[in-house]
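**Q** Can you read through this structure? Questions will come right after.
The values are calculated or read from the model by the stated rules, or taken from the named source; none is laboratory data. None of these values were measured; they are calculated from a predicted model. Counting neighbours? That spans all protein chains shown, and the Cβs are built from the backbone with ideal geometry, glycine included. Note: areas computed on protein heavy atoms with side chains; ligands, DNA, RNA excluded. Shrake-Rupley method; radii C 1.70, N 1.55, O 1.52, S 1.80 Å.
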Amino acid sequence: MDHLAGSVGLAAIEAFGIDVRRLHWDLTSISLHGDCEQADPAAPAPKFGHPKDRRPDLKQIQAGLAVAADGAVPVFHRAYDGGAGEVSQVIPAMQALPKLAGPQPMLMIGDSKLISYANLAAMSAEHVAFIAPASKTYGPAEVLAGLDLADATKVDYAAARDAGQPAGQRGVWHVAEDVMTLAGPRKKDPVLDLRRVFVHSSARAQAAATARAKKLERAREDLARLERGLGSRHYPDQQAVADRVTAIGRARRVSAYLTAVTGTDAVTGKPTLAWHFDQAALDAEAATDGWYALLTNLPTQSADAEQVTASLQRPRSRRTPPRRV
């Protein structure tokens, strides 16, 4: 089946002249229903895993898909066991995809699951370039919070969603970069040097600030209702109040900055509550608004920070003129 899929992809590339020097790679899951007495041992095994549709009660199969940036044309796919980790599937895909590109250099673009020492070392050995968003492990909040927009470079870049907007209404983008090293699990493993490109989007910053303001307001409303109900049958004692505070923090996603102290009034015997949002924690989170990081092994002379950022644009479909047969 993989041979058939690869043959179809190669035929499409040759027939329509698809440029496969830049391929976007991602995995998804396919949840399965019904009974199967015996799975084909030669096929990917249905297993429980981490399904994208949030149905952990169902077994699944995983599917990887490579899409050409030129026209958003799917040119390669492969199926994997339902329980296989996403990170571990990159190397087999990386080894197969260059066969589509041929002798020309290939750029592999994926999500944060692309990043692991084993994957990057394999790509380096095969001379495959990559770009992927950095997870919190490689672009931690404290690093993002320490970035200064005044030190970043404004770039002439427009997100796909802003393509039809007047220039004055488009998001503003800035970039900065540094170099980070990634050591292997063994002392003899070579240390990999990677470019870390920091990107700031004014639209993302505004969206983050708006979302935070909304969840804080909802949490305030919940806490105000709790205060009005202190000593009622719903919140008769300190433990019930503490449990409700925990539930509010979790449901409204404000636990990181909600500080609450519960107690019992010595005179009335009713539970008490004092709470506030930690402004220092809020400020620390706000400092990261709009920032995210990308990792790449592309040399600067091949792509500057602006070009690295633009490479992550979602591929757009293209119209191919009908062919006469």
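**Q** Which residues, taken from region 136-162, are assigned to a loop (DSSP other than H, G, I, E, B) and open to solvent by 70 Å² or more (accessible area, probe 1.4 Å)?
**A** If the condition is that a residue be assigned to a loop (DSSP other than H, G, I, E, B) and open to solvent by 70 Å² or more (accessible area, probe 1.4 Å), then K136, T137, D148, D156 are the ones that fit.
**Q** Which residue is nearest to D283 (Cα to Cα), if the candidates are limited to region 244-263 and must be more than 31 Å from the chain's Cα centre (by Cα) and surrounded by 12 or more Cβ atoms within 10 Å (Cβ to Cβ)?
**A** Restricting to residues being more than 31 Å from the chain's Cα centre (by Cα) and surrounded by 12 or more Cβ atoms within 10 Å (Cβ to Cβ), the top hit is A260.
**Q** Here is a check on your reading of the model: is K215 among the charged types (D, E, K, R) and closer than 30 Å to D289 by Cβ?
**A** Yes, satisfied.
**Q** Identify, from the list L294, L282, the residue that is closer than 26 Å to H200 by Cα, in contact with a helix residue (DSSP H, G or I) (Cβ under 8 Å, 6 or more places away or on another chain), surrounded by 12 or more Cβ atoms within 10 Å (Cβ to Cβ) and at pLDDT below 95.
**A** Details: L282 fails: at pLDDT below 95.
The match here is L294.
**Q** What number goes with the only condition from (1) at pLDDT below 75; (2) under 19 Å from D111 (Cα atoms) that D26 does not pass?
**A** Condition (1) is where D26 drops out.
**Q** How many residues are among the polar types (S, T, N, Q), open to solvent by 90 Å² or more (accessible area, probe 1.4 Å) and under 30 Å from A159 (Cβ atoms) if we restrict to region 198-243? Quick ask: steps written out before the conclusion?
**A** Going through region 198-243, the residues among the polar types (S, T, N, Q) turn out to be 201-202, 206, 210, 232, 238-239.
Going one step further and asking which of them are open to solvent by 90 Å² or more (accessible area, probe 1.4 Å), we end up with 206, 239.
Cutting the leftovers down to under 30 Å from A159 (Cβ atoms) gives us 206.
Matching residues across region 198-243 total 1.
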